[in-house]
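The numbers here are math on the coordinates, done by the rules we state, and not lab data. Since we're looking at a predicted model, the values are computed, not measured. Note that we place each Cβ from the backbone using ideal geometry, even for glycine, and neighbour counts take in every protein chain shown.
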Ligand SMILES: Cc1cc2nc3c(=O)[nH]c(=O)nc-3n(C[C@H](O)[C@H](O)[C@H](O)COP(=O)(O)OP(=O)(O)OC[C@H]3O[C@@H](n4cnc5c(N)ncnc54)[C@H](O)[C@@H]3O)c2cc1C
Ligand code: SF4
């Protein structure tokens, strides 16, 4: 193996694979390093794959990628202890030739993506942890140090695609430590059921049709967090995630929260008789725009979760990861073509490309949301609970007239939140943060 | 290859982690505690309840201990205790640690 590459990519998740693929396709000499036994062996996701981001990199990915189901229906649940109020959107239009969203299993998907990267010409070494960066005296990054014997490797540029808990960038002082209120700790289980059972329980006609459910309310026991349940081919992914700072404060065990969610009367029948075959935990960057670290410097740039590129409001991450990886690669390719060095100044091109894409535009749009939710727990406990009480009161026919029921539901909401003024303020704050 | 169950976990946690695959790097723990003179910080103590793999427990001396064999490498304990200096954390050597089948 040569010890100088055009680019070294640290990490073989969606961001690293996208970057390595695009650069290798353009003929660059790319080395990719991942600490897992195989790409994906350390990675966790819900998981919904957003086709558009991948399609822009590998247009015919549908022919060979390990896709579970394509999503034809999305449900939103506001959960209380014993009930849920839901909204759902289902459309046969999603049964299109090139579906827009799929469920996937990350360990398998990442393996597949990595095969494409290698077929494009990149060299991958696995079971190798990058420990540090090699810098010149002036601070320019010129390579990486791995945990292999004589493991120093040089490159013109290092792409840090190491994920949320990115130790390399932190250790090298390129980015600050993560804060406990900027990440969610998520736990997830994969529950297996016969394929037909999955289809029956979720009312799915087509063999590959799928449903995803996003959940707010009692699922997070008053913490800032959400739950989810996604249908795979022969399994169901179910998980919850809440701010790490909230877990530390409440000391609620994440798996206890997951158990409670699984035994909720709205969820238990969907999982009945299933066999749990994996339990996983992972962090999700949820600090949004204000948590984004410095993204470029002399000889290095950051892509994906390492840059905090997750839109927590819409639960999108892998598509931001793939898009930032692609834009980084295009930047590097363009600079080379123009005979320019990957200096901090020249890498402004990457920051400009990001700013011009949905990645930064969306993160900017929801900039105030993480802060708002952290300071306003009522969105996770008081409102979902009051909504469910109101629904029950209206639906239970017991001789009370409807006007009295409406009045009682309003009084209940006012009581729960401590006054109308507060309700109005919440609405206003919410609308402003969402804008 | 070992499917090792951490001794610290509750029976339920053992069952859970039993499904997972690990390659334990014997003798090279990737998480260690450096006890501080003033006693364990609330952050360290919280880990006995919130580590998703149940790696932390309160030992007989009343101090928090860690057995990181079932660790899923989420990084939570590292982040929570970065200010107190109680935890030394690194990724396991390449290839070792958790191996997700589905992720
Ligand atoms: C529970 C959960 C549910 C989610 N659901 C969704 C969803 O439904 N849809 C969605 O789009 N996103 C979702 N996300 C977010 C999504 O998973 C991430 O945004 C995405 O994986 C980020 O990709 P990445 O390549 O930046 O990082 P990662 O996927 O974390 O990849 C990082 C890679 O770097 C490697 N690595 C790290 N450090 C080193 C080192 N020092 N040396 C060598 N290799 C190293 C790791 O082994 C890994 O392969 C979810 C996340 C979680 C945790
Ligand atoms: S990294 Fe996560 S799973 Fe491992 S010991 Fe720390 S908190 Fe527990």
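With both labels modelled 7 Å from their Cα along Cα-to-Cβ, the residue B:21 to residue A:290 distance reads 4.3 nm. Computed from Cα atoms, the angle from the helix A:14-25 axis to the main principal axis of chain A rounds to 40 degrees. If the segment from residue A:203 to residue A:136 were pulled out straight at 0.36 nm per residue, it would be longer than the present Cα-Cα gap by 18.1 nm.
For chain A, what value does the Rg/Rh ratio take when both radii are computed over Cα atoms and Rh is the Kirkwood radius, given to two decimals?
Here the Rg-to-Rh quotient is 1.01.
Helix A:318-337 and the longest principal axis of the Cα set of chain A meet at an angle near 20°.
Start at zero, step by 10 Å, and the Cα-Cα distances of the range B:12-55 spread as 20, 41, 32, 6 percent across the bins.
So for chain A, averaging the separation of alpha carbon pairs under 8 Å that are six or more residues apart and normalising by length, what relative contact order in percent results? Don't skip to the answer; put the middle values down first.
Numbers: 892 pairs, mean separation 85.2, N = 435.
It rounds to 20 percent for chain A.
Normalised radius of gyration for the range A:295-422, please: alpha carbon Rg relative to 2.2 N^0.38 Å, two decimal places.
Values: Rg = 24.4 Å, N = 128, 2.2 N^0.38 = 13.9 Å.
The value comes to 1.76.
Grouping the Cα pair distances of the range A:76-120 into 10 Å bins from zero gives a pair-distance distribution of 19, 24, 30, 20, 7, 1 percent in increasing distance order. A Förster radius of 56 Å combined with the Cβ-Cβ distance from residue B:63 to residue A:82 puts the calculated FRET efficiency at roughly 0.85. Of A:195, A:374, A:97, which has the largest mean-square fluctuation in a 10 Å C-alpha GNM of chain A? Taking springs between Cα atoms under 10 Å, the residue moving most is A:97. Averaging the sequence gap over all C-alpha pairs within less than 8 Å and six or more residues apart, then dividing by the number of residues, gives the range A:7-152 a relative contact order of 31 percent. Please work out how much length the chain gains when fully extended from residue A:115 to residue A:149, using 0.36 nm per residue of separation minus the C-alpha to C-alpha distance, in nm with one decimal. Contour length minus Cα-Cα distance gives 9.6 nm.
Quickly work out the residue A:341-to-residue A:89 label distance, labels modelled 7 Å from Cα along the C-beta direction, and quote it in nm with one decimal. Distance between label points: 4.9 nm. A crude spin-label estimate for the pair residue A:395 and residue A:352, with each label 7 Å from Cα along the Cβ direction, gives 5.5 nm.
Panel note: the C-alpha atoms of the range A:89-201, placed on their principal axes, show extents of 63, 40, 28 Å (largest first).
For chain B, what is the Kirkwood hydrodynamic radius in Å, using each pair of distinct C-alpha atoms? Could the numbers behind the result be given before it?
Working: mean 1/r = 0.0713 Å⁻¹.
Its Kirkwood hydrodynamic radius stands at 14.0 Å.
For residue A:371 and residue A:249, FRET efficiency with R0 = 22 Å and r from the beta-carbon atoms, rounded to 0.05? According to the calculation, E is roughly 0.85.
Packing order of peptides A:277-284, A:423-430, A:360-367, A:14-21, highest average first: A:14-21, A:277-284, A:360-367, A:423-430 (average count of other Cβ atoms within 10 Å over each peptide's residues). Compared with the dominant Cα axis of chain A, that is its longest principal axis, helix A:420-434 is turned about 30°. Each listed q (0.16, 0.20, 0.21 Å⁻¹) maps to a log10 I(q)/I(0) for the range A:1-135, found by the Debye formula over equal Cα scatterers with no solvent: -0.85, -1.13, -1.21. Length available on full extension from residue A:52 to residue A:334: 0.36 nm per residue minus the Cα-Cα distance, which gives 99.2 nm.
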